[in-house]
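The values are calculated or read from the model by the stated rules, or taken from the named source; none is laboratory data. As the structure is a computational prediction, the values presented were derived from the model and not from experiment. All Cβ positions, even for glycine, are placed from backbone atoms using ideal geometry, and neighbour counts span all protein chains on display.
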Amino acid sequence: MAAEIYLECDGKEYSVSLNDSQEAKEFLKQLPQELKFEDYGAFERIAYLTKKLAPVGPANGFTPLTGDLTYYAPWGNLAVFIKDFRPSTGLYSLGTLSPEALKSIKESGSRKIRFYSKD
């Protein structure tokens, strides 16, 4: 079952839709978390979780699109794609950010972003 979570930046709340993957469910269990994102190349912003996820099976990878929330297993980080990217291995799809949530991540600089669930 997919879930809606939220991110907070500068006192504003934005929605994030998680998919029903095992990795997304594990991320949900780790909430709330405060993370600092940093630019990684021109296509994504990354943040390191306080505890790595334990993916189920190998990542077949996929082609991330703008707004995708992913987990990069080799490094143990979240990656938010700010532009469409090429097919990538090692990535697990967790969900999708709303356009407003994506904008807040893009403009967050080194400020902390809080991810949380209302459930």
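Kindly establish whether F27 is within 14 Å of V16 (Cβ to Cβ), among the aromatic types (F, W, Y) and either free of Cβ contacts under 8 Å to residues at least 40 places away in the same chain or in contact with a Cys (Cβ under 7 Å, 6 or more places away or on another chain) (or both). Here the answer is no, as F27 does not meet what is asked.
Each residue in segment 97-114 was checked for being surrounded by 22 or more Cβ atoms within 10 Å (Cβ to Cβ) and assigned to a strand (DSSP E or B), and 2 pass.
Looking at F85, F81, F43, can you tell me which residue is in contact with a Gly (Cβ under 8 Å, 6 or more places away or on another chain), surrounded by 13 or more Cβ atoms within 10 Å (Cβ to Cβ), over 17 Å from K112 (Cβ atoms) and at pLDDT 95 or above?
Values: F85 fails: in contact with a Gly (Cβ under 8 Å, 6 or more places away or on another chain); F43 fails: in contact with a Gly (Cβ under 8 Å, 6 or more places away or on another chain).
It is F81.
Specify the residue that is surrounded by the fewest Cβ atoms within 10 Å (Cβ to Cβ); the eligible residues are those in segment 46-78 that are among the aromatic types (F, W, Y) and under 18 Å from L18 (Cβ atoms). That would be F62. Within segment 38-75, the residues that satisfy the criterion of being closer than 22 Å to A2 by Cα, in contact with a strand residue (DSSP E or B) (Cβ under 8 Å, 6 or more places away or on another chain) and in a loop (DSSP other than H, G, I, E, B) are L49, L53, P55, A59, G61, T63, P64, L65, T66, G67, A73. Out of (1) under 19 Å from Y6 (Cα atoms); (2) outside any strand (DSSP E or B); (3) at pLDDT 95 or above, what's the single condition that is false for L35? Checking L35 against (1) under 19 Å from Y6 (Cα atoms); (2) outside any strand (DSSP E or B); (3) at pLDDT 95 or above, the one that fails is (2).
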